[in-house]
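Asks: Below you will find the structure I want to go over with you.
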Amino acid sequence: MPKKLTKDVESVVIRFAGDSGDGMQLMGNRFASTTALIGNDLATFPEFPAEIRAPAGSLAGVSAFQVQFSSRDIYTPGDVLDVLVVMNPAALKVHLGDLPAGGAVIANSSAFTEKNIKMAGWDDNPLTDGSLSQYKLYEIDIIRLVSNALEDMQLNPKTVERTKNFFGLGLMYWMYGRPIEPTVDWLKGKFKSRPELVEANIRSLKTGYHFGDISEIFATKYRVARAPLEKGTYRNITGNYALGLGLLAASKASGLPLFFGGYPITPASDILHQLSQYRNFGVKTFQAEDEIASIGAALGASFAGNLAVTASSGPGIALKAETIGLAVMTELPLVILNIQRAGPSTGMPTKTEQADLFQVLYGRNSESPVPVMAPISPADCFEVAYEACRIACKYMTPIFVLSDAFLANGSEPWRTPDLALLPPIEVEFATSEEGEFYPYERDEATLARKWAVPGTPKLEHRIGGLEKENLTGNVSYDPENHHLMVQLRAEKVAGITAEIPPTEIFGDPTGDLLVLGWGSTYGAIHTAVDGSKEKGKSVAHAHIRWINPLPPDLGEILLKYQKVLVPEVNAGQLLKLIRSEYLIDAVGLNLVRGRPFRASHIVEKIDSVL
């Protein structure tokens, strides 16, 4: 057998695709976790159908997981695929268009039956009719190979077939020099009560790995060196998981018990699941009967002195709107996580979008300002969740964290922070020793009112949605008092600008074009601007984490560029805000397809604008 060649490459993009029951998400997650362990930078993009189980073999049932890993810093899951691993004809049909000529297709030929081929809409078998001639095609009868490997285990055919994803995973491990031991250990823990499944999946994993090593159809394996990551302890983390850890860290830093009230909704449910495992940290989770009850319980917990959090997506946030207004009126701290998905209404539950920006800014009755923060990457979700808790407690206000499905499910390496270096969260409850108590007496610097826990002697006060008299908190219909309270609530939120650090600019501080973004577009914009700068274009990138209030230096920054481009996964919501707030002729790039931007989309727009 000829000796295998090893080729060094800088970056690789792989997409695993198959039926939603083929374990593609598990396969991608295991590959990403192992890649993180060996020190590559990486970014992932899981994409799966909303239906719990679409018909097997149908286009609607295709699930995929894309990962880019590299020996340099990367910011996106990649625009161009190097390898497409498909488990059936439908997966090939859905994803082949994203593979450039010369890319590799690794196909499970076992699933290319006449029935599956017709169900996927192919006229003939694409593996044999020459339609894939422009690609490097590797046909592998995976089911036959895993059946041979497991034939002495007396497993039923369905169980044997379900191990095929680990064959593919083992093959990719061999091809890109990943160790299999971490996955073997993971399997032993995951299925410890089912030893036959541990053995079957390990055998399938090893069969795929050794198939790559001994098969003559693979002449080359690839090596991706470690990325120059900053020294520290890293783990691979998704955005939702980082939000949960940020909330937990804030609970410990503030000394407040964490209460989470939620109702299951994609793509926010993971946060409820995660926090429910932290009972040993004193975390209380409450799965309510509906969205309204969940935020009502959270606001009540805040009134009682807890660090209160609720989470949902657009449809659930719509139902929570009245209680968010109540939190504005009562001036109680409440962190509201909105994990955006494609809408309106039920929309496309598992697809990403940035179209809830106006909802969180204006989706309530009357004048009810709420601060809004938006994380820019999965790892950044930790810091934003922590900071949102700090601001909520310091300013006694509800606050939105505006994430989305791309950040929630995507992952990247995260350097575990030194908790001692996080900013302190100082909470001071009102006491009966401070003289006469006025519930709406305010801190001169922050305009925050005092937080009086019910049951504290001599601190009895009214609470509810009716307008409060300044200082006393008594119910008031006085027109001048109402005007004053409207102003005070708005000034309090506006005053949070004191907490916002200077806006970072990637590129020259002045120039022809500034690309301004928020949220999950960070990676695509940064990559596009970096490439355009290398071509000599006068372009820079600014990405804001604060949307209400906007950074105090943003207006001055915008004036230093001839043109401003705002890419968003909506119809232009931040664009309208920027144009109205700063009276500049900014232009938008708006693609609302339920998928994140590719860097190439932004590069094309930059070229057309300049």
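The values are calculated or read from the model by the stated rules, or taken from the named source; none is laboratory data. Treat the numbers as computed from the prediction; the structure is a model and nothing was measured. Heads up, the Cβs are rebuilt from the backbone with ideal geometry, glycines too, and the neighbour counts pull from every protein chain shown. What goes into the accessible areas is simple: the full protein's heavy atoms, side chains included, and nothing from ligands, DNA or RNA. Shrake-Rupley method; radii C 1.70, N 1.55, O 1.52, S 1.80 Å.
Asks: Straight-line reach from Lys136: which aspartates and glutamates fall under 17 Å, measuring Cα to Cα and dropping same-chain residues less than 8 apart?
Replies: Asp82, Asp98, Glu216
Asks: I would also like to ask the following. For the range 51-146, taking Cα atoms only, what is the radius of gyration to one decimal and the Dmax to the nearest whole Å?
Replies: In Å, with Rg to one decimal and Dmax whole: 14.2, 44.
Asks: Right, next: Seen from all sides and averaged, what is the projected area of the convex hull of the Cα atoms in the range 321-403, in nm²?
Replies: 5.4
Asks: Further question on the same structure: For the range 428-443, just list the computed ³J(HN,Hα) in residue order, Karplus coefficients 6.51, -1.76 and 1.60, θ = phi - 60°, integers in Hz, with x standing in for Gly and Pro.
Replies: Couplings: 10, 7, 5, 10, 7, 8, 9, x, 5, 8, 10, x, 10, 6, 10, 5 Hz.
Asks: Sticking with this structure for a sec: Let me know the charge dipole size of the range 218-329 about its Cα centre in debye, to the nearest 20, where only the beta-carbon of Lys, Arg (+1) and Asp, Glu (-1) is charged.
Replies: About 840 debye.
Asks: Fully extended, how many nm does the chain gain between Glu581 and Glu504 (0.36 nm per residue separation, minus their Cα-Cα distance)?
Replies: That works out to 25.7 nm of additional length.
Asks: How much length is gained if the chain between Glu10 and Arg53 is pulled fully straight, taking 0.36 nm per residue apart and subtracting their Cα-Cα distance, in nm to one decimal?
Replies: 11.7 nm
Asks: Sticking with this one: Amide H to amide H, which residues 5 or more places from Asp141 or on other chains are under 5 Å from it, using H placed in the peptide plane?
Replies: Here Ser109 satisfy the definition.
Asks: Return the calculated 222 nm mean residue ellipticity for the chain, to the nearest 500 deg cm²/dmol, obtained by summing -39500 (n - 2.57) across DSSP H runs with n ≥ 4 and dividing by the residue count.
Replies: Theoretical 222 nm ellipticity from helices: -10500 deg cm²/dmol.
Asks: Given a 1.4 Å probe and the protein chains all in place, what does the accessible area of Arg15 round to, in Å² to the nearest 10?
Replies: 10
Asks: For Ser608 paired with Ser131, estimate the spin-label separation in nm (one decimal), with each label point 7 Å from Cα along the Cα-to-Cβ line.
Replies: For Ser608 paired with Ser131, the spin-label model returns 3.1 nm.
Asks: Same structure again: Can you figure out the FRET efficiency of Val184 with Gln277, using R₀ = 25 Å and their beta-carbon distance, to the nearest 0.05?
Replies: It comes to 0.55.
Asks: Cα-Cα over 31 Å: which of Lys3/Lys192; Lys284/Lys320; Lys3/Lys535; Lys93/Lys206; Lys3/Lys231; Lys533/Lys576?
Replies: Lys3/Lys192; Lys3/Lys535; Lys3/Lys231
Asks: Right, here's the next one. Rounded to the nearest 0.05, what FRET efficiency is calculated for Glu216 and Thr113 with R0 set to 25 Å and r the Cβ-Cβ distance?
Replies: The computed FRET efficiency comes out at 0.45.
Asks: Mind checking the range 453-554 for chymotrypsin sites (Phe, Trp or Tyr not before Pro) that DSSP puts in a loop (not H, G, I, E or B) and that have at most 16 other Cβ atoms within 10 Å?
Replies: Of the chymotrypsin sites (Phe, Trp or Tyr not before Pro), the ones in loops of the range 453-554 whose Cβ has at most 16 other Cβ atoms within 10 Å are Tyr477.
Asks: Given the range 478-567, what percent of its DSSP beta bridges are antiparallel, to the nearest 5?
Replies: 15
Asks: Here is a further query. Name the residue from Ala388, Ala342, Pro423 whose Cα lies farthest towards the positive end of the charge dipole of the range 342-455, charges +1 on Cβ of Lys and Arg and -1 on Cβ of Asp and Glu.
Replies: Ala342
Asks: Note the full-extension length gain between Val80 and Lys458 as 0.36 nm times their separation in residues minus their Cα-Cα distance, in nm to one decimal.
Replies: Residue separation times 0.36 nm, minus the Cα-Cα distance, leaves 129.5 nm.
Asks: What list of ³J(HN,Hα) couplings, whole Hz, do you get for the range 509-518 from phi and the Karplus terms 6.51, -1.76, 1.60, once you set θ to phi - 60° and write x for glycine and proline?
Replies: These are the phi-based 3J(HN,Hα) values: x, 9, x, 7, 9, 10, 9, 9, x, 8 Hz.
Asks: Go ahead and run the numbers for FRET between Asp123 and Phe191, Cβ-Cβ distance against an R0 of 30 Å, rounding to 0.05.
Replies: Once the sixth-power term is evaluated, E becomes 0.15.
Asks: Using the Karplus curve 6.51 cos²θ - 1.76 cosθ + 1.60 with θ = phi - 60°, work out ³J(HN,Hα) for each residue of the range 351-356 in order, rounded to whole Hz, and write x for Gly and Pro.
Replies: Ordered by residue, 3J(HN,Hα) equals 9, 8, 6, 10, 9, 9 Hz.
Asks: What is the ratio of the Cα radius of gyration of the chain to 2.2 N^0.38 Å, with N the residue count, to two decimals?
Replies: 1.05
Asks: Between the range 60-107 and the range 219-280, what is the separation of their alpha carbon centroids in Å?
Replies: After rounding, the separation between the Cα centres reads 26 Å.
Asks: Here is a follow-up. With a point put 7 Å past each Cα toward its Cβ, work out how far Ala445 is from Asp141 in nm, to one decimal.
Replies: Each label point is offset 7 Å from its Cα along the Cβ direction, giving 7.5 nm.
Asks: A further question follows. Students often check this: by mean Cβ neighbours within 10 Å, which of 487-500, 218-231 ranks highest, and how do the rest follow?
Replies: Peptide ranking by packing, descending: 487-500, 218-231.
Asks: Going by average Cβ density within 10 Å per residue, which order do the peptides 243-250, 436-443, 401-408, 572-579 take, highest to lowest?
Replies: Ranked by mean Cβ neighbours within 10 Å, highest first: 401-408, 243-250, 572-579, 436-443.
Asks: Around Leu589, which amide H atoms from residues at least 5 apart in sequence, or from another chain, sit under 5 Å from its own amide H, with H modelled in the peptide plane?
Replies: Here the answer is Val566, Glu568, since their amide H atoms fall under 5 Å of that of Leu589.
Asks: Quick one: angle between helix 522-534 and the longest Cα principal axis of the chain, in degrees between 0 and 90, rounded to 10, please.
Replies: The two axes meet at around 70 degrees.
Asks: Have a look at Ala297, Gly246, Ala452 and report the one farthest towards the positive end of the charge dipole of the chain, computed about the Cα centre with Cβ charges (Lys/Arg +1, Asp/Glu -1).
Replies: Gly246
Asks: Under unit Cβ charges (Lys, Arg +1; Asp, Glu -1), what dipole magnitude, rounded to 20 debye, does the chain have relative to its Cα centre?
Replies: Computed about the Cα centre, the dipole is about 1660 debye.
Asks: Still on this structure, please answer the following. What is the magnitude of the charge dipole of the range 362-444 about its Cα centre, with +1 placed on the Cβ of each Lys and Arg, -1 on the Cβ of each Asp and Glu, and no other charges, expressed in debye to the nearest 20?
Replies: Approximately 460 debye in magnitude.
Asks: Report the one residue of Leu96, Pro315, Ala374 whose Cα lies farthest in the direction of the positive end of the charge dipole of the chain (charges on C-beta: Lys and Arg +1, Asp and Glu -1; origin at the Cα centre).
Replies: My answer, from the dipole projection, is Leu96.
Asks: May I pose another question? Keeping every protein chain present and rolling a 1.4 Å probe, give me the accessible area per residue for the chain in Å².
Replies: Accessible area per residue, the chain: 42 Å².
Asks: Next question, about the same structure. Which GluC sites (Glu not before Pro) does the range 1-56 hold that lie in a coil by DSSP with at most 13 other beta carbons within 10 Å?
Replies: Glu10, Glu51
Asks: How large a share of the accessible area of the chain, in percent, is made up of carbon and sulfur atoms when the probe is 1.4 Å and the other protein chains stay in place?
Replies: Exposed carbon and sulfur together represent 52 percent of the surface.
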